[in-house]
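I have placed the structure first, in the form of structure tokens, so that the comments after it can refer back to it.
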Amino acid sequence: MSALASGSGTSAIRGQVLSYRADPFRNAIDDCVMYEPDGLVVMENGKITAVGPASETLSAVPNGVEVTTYDNALILPGFIDCHVHYPQTEIIGAYGKQLIDWLNKYTFVAEQNFKNKDHAREVAKVFLREGLRCGTTTSTVFCTVDPVSVDAFFEESQQLNMRNIAGKVMMDRNAPDELMDTAQTGYDQTKELIARWHNNGRSLYCVTPRFAPTSTPEQMEMTGAVWKEHPGTYLQSHVSENLGEIEWVKELFPERKGYVDVYHHYGHLGERSILGHGVHLTEEEFQVLHDTGTAISHCPTSNLFLGSGLFSIEKAMDEKRPIRVGLATDLGAGTNFSQLVTMNEAYKVAQMNGYSLSAHHAYYLATRGAANALYLDDKIGSIEVGMEADIAVLDLNATPVLGYRLKYANTLDEVLFVVMTLGDDRTTCATYVAGNLVYSREQQIRKEQFAEPLNTVS
């Protein structure tokens with residue numbers, strides 16, 4: 001796959017093009033959707049330079065540039081994963097009880113291996129390529145407490161010229177000794193990593209306290225300080241994932257009104273702060289997130305896997321005080337790299353809450369909505385002139401059942417819903433990063449042979 005990524009310049013792709021102009025949670029869907037049944041996207045030097053109906057846009061293709069046509073395929077902005085743990089790639093699908101038990105039994109054990117940079121690089125390579133295989137072009141990533149885990153991740157990410165956000169985990173209590181830093185070393189190492197990686201190419205740095213229970217008040221103070229000292233960087237953590245976790249936070253921070261108030265008090269909320277889960281947020285906490293511009297990453301597969309609860313997208317998007325929300329896999333408690341699978345689970349979670357999440361809303365959360373949550377919607381998340389050319393191409397004949405079912409889909413809405421319900425990693429046939437083809441899969445279904453039915457008639 002690295003060979004595909006070599007070179008830059010101009011490329012053009014043709015097929016069904018879908019993107020979102022605006023937020024369908026707040027605007028009429030027809031006003032938000034950009035769909036070209038025979039569209040063309042031209043990319044040059046990492047940016048989209050033309051998009052529109054092929055009949056009108058072919059003239060924008062420079063002489064000598066071959067147009068790649070994807071038949072019966074959907075061209076989308078690259079998917080954005082707002083909350084994921086690359087060191088947990090090796091423990092995806094590990095049996096566990098609930099959050100804290102799972103962390104102690106699997107996560108903390110696996111993360112101790114990331115002092116070894118060769119190991120970290122190997123896992124990062126698998127993680128990034130599995131994401132690309134699913135059409136994911138940007139992720140907000142937790143590394144481990146060891147700075148080499150950050151270096152390994154960004155080095156692999158930069159080889160693919162990806163726009164990724166990542167940071168060193170900070171935790172100085174309630175964790176194995178091998179995985180703890182101190183308030184001071186966490187601060188110092190974070191400053192060094194920011195200087196090395198933030199805005200280095202397409203890389204962006206994220207200050208990363210794991211979650212309130214694993215940081216002392218001293219470290220929470222230092223975390224807020226280092227984030228404030230470096231405008232434009234990100235901050236990520238976890239909030240209100242599990243009821244037992246919430247009670248634990250109350251015990252550790254009895255002077256605070258609640259979980260969100262802990263982060264608010266220590267200066268962890270604001271633009272470019274994104275908190276994972278938010279399953280059990282109160283109305284008052286939603287209001288604080290709205291007022292501060294803090295985002296929530298919705299992690300339906302991990303919430304279901306660990307039995308944490310059902311995030312309410314309806315409450316989050318309440319028009320009186322909407323918050324920014326992006327979709328996330330949350331590997332490795334999340335059980336799939338595919339954002340299509342994640343959309344499928346998000347739909348089911350919404351159903352359990354009595355809310356119907358349409359396909360357009362789901363695709364928005366994985367593209368432009370996620371970019372909005374990350375304050376990157378001026379760069380990624382939509383197919384528009386001037387945007388960075390990160391693109392996923394979905395094969396509508398990827399599996400026999402998908403191709404068969406879509407014969408009976410009569411509207412774009414139905415097509416999108418079927419794809420997110422029946423689709424998975426096999427659905428992605430191409431992924432472009434900064435205009436370069438970095439992943440490709442043959443579109444045609446491989447030949448299959450079935451035995452003839454037995455003739456049982458006597």
**Message:** Exactly one of these conditions fails for ARG210: (1) at positive phi; (2) in contact (Cβ under 8 Å) with a residue 40 or more places away in the chain. Give me its number.
**Reply:** (1)
**Request:** Out of the residues in the stretch 53-106 that are closer than 16 Å to THR335 by Cβ and polar (S, T, N, Q), state the one that is surrounded by the most Cβ atoms within 10 Å (Cβ to Cβ).
**Result:** GLN88
**Prompt:** Yes or no: TYR95 of a type in the set (Ser, Thr, Tyr) and in contact (Cβ under 8 Å) with a residue 40 or more places away in the chain?
**Reply:** no
**Selection within the stretch 64-88 - within 29 Å of VAL145 (Cα to Cα) and either of a type in the set (Phe, Trp, Tyr) or part of a strand (DSSP E or B) (or both)** = PHE79, ILE80, ASP81, CYS82, HIS83, VAL84, HIS85, TYR86
**Request:** Could you list, in sequence order, all residues of the stretch 19-60 that are assigned to a strand (DSSP E or B) and without any contact (Cβ under 8 Å) to a residue 60 or more places away in the chain?
**Result:** GLU36, PRO37, ASP38, GLY39, LEU40, VAL42, GLY52, PRO53
**Item:** Hits in the stretch 179-209 (condition: assigned to a helix (DSSP H, G or I) and either at pLDDT below 95 or hydrophobic (A, V, I, L, M, F, W, C) (or both))
**Value:** LEU179, ALA183, LEU193, ILE194, ALA195, TRP197
**Prompt:** Is there any pair with a first residue in the stretch 124-145 that is touching a residue at least 12 places away in the same chain (Cβ under 8 Å) and a second that is part of a helix (DSSP H, G or I) and among the small types (Gly, Ala, Ser) whose Cβ atoms are under 6 Å apart and which are 6 or more apart or on different chains, and what are they?
**Reply:** ALA124/ALA152; CYS143/SER149
**Fill in**
(1) of a type outside the set (D, E, K, R); (2) free of Cβ contacts under 8 Å to residues at least 12 places away in the same chain; (3) in a helix (DSSP H, G or I) all hold for ALA225 apart from (2)
**Prompt:** (1) under 23 Å from TYR375 (Cβ atoms); (2) of a type outside the set (Gly, Ala, Ser); (3) outside any loop (DSSP other than H, G, I, E, B): which one isn't true of GLU155, the others all being true?
**Reply:** (1)
**Item:** Selected residue [free of Cβ contacts under 8 Å to residues at least 24 places away in the same chain and in the same structural domain as CYS429 (by TED's automatic domain parsing)] from ASN72, ASN104, ASN63
**Value:** ASN63
**Prompt:** Is there a residue being at pLDDT below 90, over 25 Å from VAL207 (Cβ atoms), in contact with a Lys or Arg (Cβ under 8 Å, 6 or more places away or on another chain) and not in a helix (DSSP H, G or I) anywhere in the stretch 96-118?
**Reply:** yes
**Asked** Does ALA359 count as crowded, with 18+ Cβ neighbours inside 10 Å, outside the structural domain of SER203 (by TED's automatic domain parsing) and closer than 19 Å to LEU18 by Cα?
**Response** no
**Prompt:** If you check LEU310 against the conditions, is it assigned by TED's automatic domain parsing to the domain that holds HIS361, closer than 25 Å to ASP424 by Cβ and at pLDDT 95 or above?
**Reply:** yes
**Pairs, first assigned by TED's automatic domain parsing to the domain that holds PRO37 in the stretch 402-422, second loosely packed, with under 14 Cβ neighbours inside 10 Å, C-beta under 7 Å, six or more apart** = LEU412/TYR35; LEU422/VAL401
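The values are calculated or read from the model by the stated rules, or taken from the named source; none is laboratory data. Quick caveat, the model's predicted, so the values are computed rather than measured. Methodologically, a virtual Cβ is constructed for each residue, glycine included, from the backbone with ideal geometry; neighbour enumeration extends over all protein chains shown.
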